[in-house]
Structures are given as structure tokens and as C-alpha cells.
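**Student:** Okay, handing you the structure first.
We did not get these values from a lab; they are worked out from the coordinates using the rules stated. Bear in mind the structure is a predicted one, so any value in this text is a computation, not a measurement. When we count neighbours, we look across all protein chains shown, and the Cβ atoms used for this are built from the backbone with ideal geometry, even at glycine.
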Amino acid sequence: MGDLPLISLAATLLLANGQTTERTTLEVERLATALGHQLTVVVHWGELILRFVAPDGTVHNEIVAVSPTGVDMHKVAATIGVLDDACAHRIDATAALSALHAVARLSPVSLARFATLAGAGAAALGVIFGSSHPITLLLIAVSAGAGGCVRRWLSHISSNAFVQPLCAALVAGIIGAIAARLHLSSGLRLVAVCPCMVLVPGPHLLNGTIDLVRARIALGAARLVFATMIILVICIGLLGGLAMGGESLPVSGASSPVPFGYDVLAAGVAVAAYGTFFSMPWSKLPIPIVIGMAAHATRWAAITLFGASVATGALVACLLVGIVVTPIADRLRMPFAAFAFASVVSLIPGVYLFRMASGLVSVASLGDQAPPNVLLAAIADGTSAMMIMMAITFGLIVPKLCIEAFHPGRP
């Protein structure tokens with residue numbers, strides 16, 4: 001079939017770079033229809049099945065190997081742009097295939113931008129979680145920037161999806177331990193944790209939940225297991241790095257209150273960092289920054305002015321983001337999960353997750369000698385993290401599903 005390479009490459013680029021399963025199937029089937037084919041797309045973890053139905057009723061299946069492990073908003077937007085041109089017959093299939101090959105070769109953001117924004121984003125999260133000490137923020141930025149350089153270097157020598165977050169978290173743990181040993185900062189918790197928070201695989205969590213809600217049980221579960229594995233290796237790297245320096249993560253500790261202005265500005269910087277990680281073009285970056293700052297202001301007002309819990313504040317903020325981002329991401333041809341999560345990255349409960357992991361390790365190592373408060377604190381942190389992640393996830397996807405039910409948007 002002459003159009004098969006074009007259809008296969010389009011499906012691969014969309015799914016492999018963070019587009020939702022629903023939108024991937026719709027876009028690919030739209031392309032096939034424009035080319036005169038009757039096609040059904042079936043998505044599994046690790047493969048796409050392109051099911052062509054011939055005019056005589058015979059079915060031809062093509063299996064394309066692809067795993068949804070990446071996130072690149074630039075490639076997704078560029079791919080959909082090519083599909084729009086092909087479906088409108090502004091370009092023929094040969095030109096469209098050539099354009100998609102060019103999209104596949106697009107380079108990620110420069111190392112300088114990647115490392116600089118990784119440092120700035122981690123430092124911004126430090127501000128959000130209560131740090132105002134310049135040395136602490138500098139250490140956080142240096143650690144996250146170094147982790148960004150390590151991640152980019154490893155991307156050239158290993159295709160394993162878990163090596164990069166593991167090694168970046170290991171760097172963060174080692175630097176945190178050194179800072180504690182040399183008494184460079186009293187904020188060990190934030191120096192070690194904030195660089196790891198920028199590694200949390202939010203888009204995969206969102207895409208997995210969307211698949212579950214749409215009854216794609218096997219694929220949704222696979223996406224969530226993949227995201228959980230990344231979080232697990234981050235914890236292993238962080239705690240391993242700290243242990244190499246003879247340190248451990250404090251199991252408990254409250255964050256200091258942050259003035260409204262600093263809180264909102266820091267959220268904007270964190271959004272810019274995540275937009276960079278997901279290869280968002282500079283021209284589009286101000287949009288999620290403004291949305292993210294508005295979301296954080298909403299959360300701050302819900303918690304500070306109305307006495308809402310942290311989870312409730314996250315839910316209110318994410319409902320706002322879900323309502324605003326759904327039509328904007330559709331219009332800009334951006335993958336919803338990456339766009340939405342970049343806008344709410346400042347809300348992720350990374351501190352709770354890593355404190356819980358540290359507490360569980362302490363309980364395992366001390367056994368019967370472990371103080372009861374250590375286990376209770378770990379359970380409390382884990383419960384808080386779970387509640388906040390549920391609030392973020394459902395706050396983002398419920399508006400999306402409701403809006404798409406009444407207004408499907410792009411065909």
C-alpha cells in the first residue's frame with residue numbers, strides 16, 4: 001500500500017511524543033480517510049495496529065512498533081500541521097512523507113536552554129516550598145542544571161527510559177549530601193528534593209488516567225506502570241545519592257509560608273522550565289506561563305484566604321487549568337497532557353513522595369527499633385501525595401472530557 005509509510009510515520013510521531021491515544025487515533029484516521037482509505041487504529045503498549053478495510057471487505061493489518069515514552073510538543077504540533085496540509089490536499093502524499101521525516105529529525109532544545117531552565121525551574125520550586133536563602137537556591141539550581149546535562153548526555157548513549165531520571169536523581173542526592181556535610185545549607189530537604197521534582201513524569205500519569213477513563217484499560221495501566229517506575233527510580237537515585245554521603249532525607253517538616261508575589265512568579269518560572277523539557281517553542285511558552293501563574297494564584301487564594309486544604313487548592317486550580325487549556329491545546333495542536341501538566345507543575349507533591357520513600361526506607365532498615373512516628377509520618381506523606389496527585393489528575397482531565405463531549409474540536 002503506497003500510503004502506508006506516511007500513515008505509519010504520522011501515527012508513530014504522535015504517539016511517541018506525548019499525544020493522547022484518542023487524539024492520535026482521530027488524527028491518523030482523518031489522514032487515512034483523506035487519502036481514500038478506511039482505517040481503524042488500535043493502540044497497545046509497544047505497538048500500533050493499523051487495520052485497513054478494502055472495498056471488497058477484506059481486512060489488512062499492519063503492526064507498527066512504537067512506545068509512548070517521549071514528550072515533544074514541537075514534534076506533535078509540526079506533525080499535525082503536516083496532516084492538516086495533507087488532508088486539505090495542499091500537499092501530496094510524497095511531500096507529506098518528506099515533511100514528516102523532517103519533523104522526525106527535529107532536534108530537542110539546546111543543551112544550554114535545557115540545563116539553564118532545569119536549574120531555574122528547580123530553584124523556583126524551592127521558592128514555592130519555602131526557601132528564601134540564596135545559597136540554598138543556588139545549590140538547587142546547580143544540582144538541577146548538572147542533572148539536566150547528565151540527562152542530555154545519557155540520551156545519546158542509552159535508549160533506556162529509566163537511566164536518565166535515575167542518574168539525575170543520583171546527582172541531586174550526592175550534591176544534597178555534600179551540602180549537608182559541608183554545612184553549605186540547612187535546607188537539605190529542598191536541595192536534594194527540588195532537582196528531583198522536575199523529573200516527575202506528569203504527562204504519562206495524565207495520559208494513563210485518560211486512557212483508563214476511556215476504558216482503554218490495558219494501555220492506561222501500562223502508561224501508569226511506566227510513570228510509577230520512573231518515580232520509583234527517582235526515589236532510588238535520590239536516596240542512594242544521599243546514602244553515599246551518609247545522609248538521609250528528613251521524614252517530616254512543614255514548608256514556610258511564601259508571599260503571594262514570590263509564589264506566583266516562581267510558578268511562572270517552573271512552567272517555563274517544564275515547557276522547555278517538553279520542547280515547547282519560545283513563541284508558545286508565554287501561554288502556559290500565564291495559565292500556570294493564574295492557577296497558582298487561585299491555589300494560593302483557596303488555601304490562604306478560604307482555608308482550603310492543599311489537595312482542595314490543587315483541585316480548584318487544576319479545574320481552572322483544565323477548562324482553559326483544553327481548547328487552547330487543541331487550537332495550538334499541542335498534546336494536552338504535556339501542555340496541561342507544564343501549567344500545573346508547581347503543584348506536584350514531590351516533597352511528600354520523596355519524604356514517604358525516605359521514611360519507608362528508615363522503617364525497613366530499623367525494623368522493630370523504628371520509632372512509631374516515622375511510620376506514621378511516612379503514611380501521612382504518602383496519603384497527602386496521593387490526594388494531591390488525584391486532585392491534579394482529575395482536575396485536569398474532567399473538564400477536558402466534558403468539553404470534548406459537547407464540543408469535539410478539531411476533527
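**Student:** Treating the range 240-348 as a set of equal point scatterers at the Cα positions, no solvent, please give the Debye-formula log₁₀ I(q)/I(0) at q = 0.11, 0.23, 0.24 Å⁻¹.
**Tutor:** -0.41, -1.15, -1.21
**Student:** For the range 111-406, count all C-alpha to C-alpha pairs, find those more than 30 Å apart, and express that count as a whole percent of the total.
**Tutor:** On the way: 11739 of 43660 pairs.
Summing the P(r) tail past 30 Å for the range 111-406 gives 27 percent.
**Student:** I need the trypsin sites (Lys or Arg not before Pro) found in the range 29-113, filtered to DSSP loop residues with at most 13 other beta carbons within 10 Å of theirs. Don't skip to the end; give the middle numbers.
**Tutor:** Details: sites: R30, R51, K75, R90, R105, R113; in loops: R90, R105.
For trypsin sites (Lys or Arg not before Pro) across the range 29-113 that sit outside H, G, I, E and B with at most 13 neighbouring Cβ atoms in 10 Å, the list reads R90, R105.
**Student:** Right, another one. If one takes the longest principal axis of the Cα atoms in the chain, at what angle in degrees, from 0 to 90 and to the nearest 10, does the Cα axis of helix 202-213 lie?
**Tutor:** On a 0 to 90 degree scale, this one is about 60.
**Student:** Between beta-carbons, use under 14 Å as the cut-off and find the net charge around L97, counting Lys and Arg +1, Asp and Glu -1. Walk me through the numbers before you get to the answer.
**Tutor:** On the way: positive: R105; negative: D3, D85, D92.
Local net charge: -2.
**Student:** Helix 134-155 sits at what angle to the longest principal axis of the chain, using alpha carbons and giving 0 to 90 degrees rounded to 10?
**Tutor:** That works out to roughly 40 degrees.
**Student:** Then there's this: Of the peptides 283-293, 369-379, how do they stack up when ordered by the mean number of other Cβ atoms within 10 Å, highest first? Could you put the intermediate results ahead of the total?
**Tutor:** Working: 283-293: 19.3, 369-379: 14.3.
Most protected by this proxy first, the peptides run 283-293, 369-379.
**Student:** Related question: Mind giving me the FRET efficiency for T304 and L265? R0 is 22 Å, r the Cβ-Cβ distance, nearest 0.05 is fine. Working shown, then result.
**Tutor:** On the way: r = 16 Å, r/R0 = 0.74.
The pair T304/L265 has a calculated efficiency of 0.85.
**Student:** Evaluate the relative contact order of the range 111-406 (contact order divided by residue number), counting alpha-carbon pairs under 8 angstrom at least 6 apart; express in whole percent. Walk me through the numbers on the way to the answer.
**Tutor:** Details: 485 pairs, mean separation 59.6, N = 296.
For the range 111-406, the relative contact order is 20 percent.
**Student:** Compute the whole-percent fraction of alpha carbon pairs in the range 280-324 spaced more than 13 Å apart.
**Tutor:** Values: 527 of 990 pairs.
Tail of P(r) above 13 Å: 53 percent of Cα pairs.
**Student:** Using R₀ = 51 Å, calculate the FRET efficiency as 1/(1 + (r/R₀)^6) where r is the Cβ-Cβ separation of I49 and A364; round to 0.05.
**Tutor:** Working: r = 43 Å, r/R0 = 0.84.
Taking R0 as 51 Å, the efficiency between I49 and A364 is 0.75.
**Student:** Take every Cα-Cα distance within the range 320-368, group them into 10 Å bins from 0 onward, and report for each bin the whole-number percent of pairs it holds.
**Tutor:** Cα pair-distance distribution for the range 320-368, in percent: 23, 29, 18, 17, 11, 2.
**Student:** I want the local charge near V225. Using Cβ-Cβ distances under 15 Å, sum +1 for each Lys or Arg and -1 for each Asp or Glu among the other residues.
**Tutor:** Values: positive: R216, R223; negative: D211.
Counting the neighbours of V225, the net charge comes to +1.
**Student:** Now, a different point. May I ask for the angle, rounded to the nearest 10°, between helix 73-87 and the longest principal axis of the chain, with both axes built from Cα atoms and the value confined to 0 to 90°?
**Tutor:** 10
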